[in-house]
Every structure is written in C-alpha cells, then in structure tokens.
Amino acid sequence: MNLEAGKQAPELDGQDEQGNDVWIPALERWTYLWFNPVFGRYGCKECQASLLHELYPELRMAGCLPFGATFDPPEVNARRNEIHVWRIPIIQIDRETAAAWGVLRADDDPWSPHAPASAAYLIDPTGVIMESYSNVDHRRNARVVLEHLEGARVTS
Amino acid sequence: MNFVKTNNEALWDHDNDGVVAISRDGLEVATGAKRKPEGNQVWYPIVRALPEDMIAGHPQMLGPSTFERDETYDPDVVIEVYNEADFSPGAFKRYAEDRARDNAKQSLASTDWMVIRSVETGTPVPKKIASARAELRKAVDKDLETIQGLSPVEYIEYSSTHVMDAKMYLEKVVTESK
C-alpha cells in the first residue's frame, strides 16, 4: 500500500549504479522516486520508461531529481542503464526500506524477493510526499509529474 | 474494436441494423445492442480485461482467453478475460528464451530453401550464407547463456541481442548475394 501524500517521507539510503551512496533526505530538492522502474524491451516503442527518459531534461530544469529504486545490486543497475541508455540513477534498496515506503510485495507474489512493487512518489525539498502514484502508467507519468511540479510551484 | 458472437437471439429493427431486444432461452435480457446481423445472433463488442501486472510489449504472455458477459455494468459488452496469464519471473525467463529461439527460427526460414535445394539438387548453399546461418544458431546459445546470468527484472527487458545481431548479418549477406 502506497504511503499517502502529505506525510513525511521515510529515509532512503542506498547505492546508485555507480556505487555512490545516496541519502534522499540530504538532497533537499524536489525528488521523483520510482520504485521498480521497468524499461520494456530495448528498442520497444512502448518502452515504459521512455517518456521519463525523454522528459529527464525537463524534470531537471524544473529542479526535480528523478531516481529509480530496485533490489538489484549496482552492477545490474549499471548494466540496465547502459543497455537502455538511461540517465536516471537507480538505487539499490533492501526489503526493510521497501516496507517503510509501502512498496514491499506480498509474500505470495512471485516477484516479492526480486523487486519492490511499482510505485512512485514526488517529494518536496522538505521531505514531504507531495504526490503518491500507484499502478501508474509510467509512459505517461513523467508528464503528470511535471504538471504536479508546476502546480506545486503555483500554489507555494 | 473486436466483436464476439454470442448465443443470444436478437430482434432486429426495421432496417435490420440495430437490435431492439435480445433474448436468451426465450427471456428478454437486454435491449439496444448495435451490431451487424449474422443469422439471428448478436455480436457484442469485446472489452479486454488485461491483468494488472501486464507489461507493455508482452501480449504473448496473456495465454488463452475466455469471453464473459458484463452482467453487472453493461450487458451489451463482452469482457475478454485471461485466466491463465502468467507474469511471474519464471514466465518472463521462458518468454525471453522463446523469443531468442523464435527470432532465430524465423530468420533461418528465409534461407531454408537453399538448404533444401542443396539436398535435392546438390547446389551448394553459398559459403557466406551457410556461415551466417551457423552464426545465427550459435547466437541462440549465447542469448540463452546471457539470460541465465540476468536478474529477474532484466528478463522483462531482454531482447535477444545476439540473435538480433546475427539475424541482421544474415539478412545483409542474403541481400548482397542477390
């Protein structure tokens, strides 16, 4: 079950695909955190992550840092980033962290040991969850995130 | 939109275009369906109920489907349900392996006639093509080996890289030989 918007985001620390330590609260920036990013087949037109990839510069220009989070070790995440020519850091997290973020799959789910549930959060610079996305179509979600970022700027 | 034939009887309007009443076992069950007449049966539009964990680009993993009437919300719609869809890590691995084999088979098929001709008439398969075919078969083994070393999430994304490269090479050799 996803965490609700308006709550303080739990801490998230782990290693990105380069082996760098990442600690989300320390970023003090808008952060888009996508658990279990799936790229789709290389070259597949329906590649799920393609829009996020395409909108990466826009997200950065809007002051937002996007991250992926998986259970896979840095070498696997580095390989995926290289094959799919993706520029978004992917952090390795453990099951405890996944549970804290509400993305640990049920024990009877065959994917439970291998990947967190697919969910995403937009977190503001103070560490508060501004938007919570579950079962999101990631082909469209990057656009939605940009709209939410724009909306947050207008109201703040 | 796809349509499915039902066993329901239709009472057609004057233009024989729209259904004014639908009955099953002599009882009226719905009105207002719009479909072409085929005998006296009604065809309903199909709404596909894709499983929640369906990954775009992998429709082959849905398996066989059954058709069920949407009795609750819309009696003029048939829902296509995939009861045997399997999106477990093991299924994605099998799918990645099958894709490597199928892609190679498809590509080899385009030059199979040369092999048959060589058996039947003694005309040899051009050396470059025979060599490219052998490379394609080796590429299947390479892909299967690569898949063994992937993490489960990568099964979803794998696109039989070695086979695709060997396939392109075979296509190039065939084009050049013409």
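The values are calculated or read from the model by the stated rules, or taken from the named source; none is laboratory data. Since we're looking at a predicted model, the values are computed, not measured. Note that we place each Cβ from the backbone using ideal geometry, even for glycine, and neighbour counts take in every protein chain shown. Areas reflect the complete protein model, heavy atoms only, side chains present, ligands, DNA and RNA absent. Shrake-Rupley method; radii C 1.70, N 1.55, O 1.52, S 1.80 Å.
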(request) Scan region A:90-99 and give yes if some residue there is among the charged types (D, E, K, R), modelled with pLDDT of 90 or more, more than 14 Å from the chain's Cα centre (by Cα) and crowded, with 16+ Cβ neighbours inside 10 Å, otherwise no. (result) no
(message) Test of understanding: among B:K172, B:K167, which residue is of a type in the set (K, R) and open to solvent by less than 90 Å² (accessible area, probe 1.4 Å)?
(response) B:K167
(request) Inspect all residues belonging to region A:104-125 and state whether any of them is within 14 Å of another protein chain (Cβ to nearest Cβ), open to solvent by 10 Å² or more (accessible area, probe 1.4 Å) and among the polar types (S, T, N, Q). (result) yes
(message) I need the full set of residues from region A:1-57 which are at pLDDT 80 or above, open to solvent by less than 60 Å² (accessible area, probe 1.4 Å), part of a loop (DSSP other than H, G, I, E, B) and closer than 30 Å to B:A96 by Cα, in order please.
(response) A:D16, A:E17, A:G19, A:N36, A:P37
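Determine, yes or no, whether A:D72 is open to solvent by 60 Å² or more (accessible area, probe 1.4 Å) and in a loop (DSSP other than H, G, I, E, B).
So A:D72 does not fit the description; no.
Kindly evaluate B:E97 against the criterion of being of a type in the set (D, E) and either under 30 Å from B:F67 (Cα atoms) or within 19 Å of the chain's Cα centre (by Cα) (or both). It would help to see each step written out before you state the result.
Working: of a type in the set (D, E): yes; either under 30 Å from B:F67 (Cα atoms) or within 19 Å of the chain's Cα centre (by Cα) (or both): yes.
It is true that B:E97 is of a type in the set (D, E) and either under 30 Å from B:F67 (Cα atoms) or within 19 Å of the chain's Cα centre (by Cα) (or both).
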(request) Please state which one of B:A166, B:A139 is in contact (Cβ under 8 Å) with a residue 12 or more places away in the chain, touching an Asp or Glu at 6+ places or on another chain (Cβ under 6 Å) and closer than 30 Å to B:P59 by Cα. (result) B:A166
(request) Being surrounded by fewer than 13 Cβ atoms within 10 Å (Cβ to Cβ) and of a type in the set (V, I, T) is the filter; apply it to region B:64-78 and report the residue that is modelled with the highest pLDDT. (result) B:T66
(request) Please go through region A:75-89 and pick out each residue that is open to solvent by 10 Å² or more (accessible area, probe 1.4 Å) and within 14 Å of chain B (Cβ to nearest Cβ). (result) A:E75, A:V76, A:A78, A:R79, A:N81, A:E82, A:I83, A:H84, A:V85, A:W86
(request) Answer with yes or no whether A:V145 is in a helix (DSSP H, G or I) and within 26 Å of A:D21 (Cα to Cα). (result) yes
(request) Go through region B:127-164 and count every residue that is in a helix (DSSP H, G or I), surrounded by 15 or more Cβ atoms within 10 Å (Cβ to Cβ) and not basic (K, R). (result) 21
(message) Which count do you get for residues in region A:60-69 that are buried (at least 20 other Cβ atoms within 10 Å of the Cβ) and either in a helix (DSSP H, G or I) or within 14 Å of chain B (Cβ to nearest Cβ) (or both)?
(response) 2
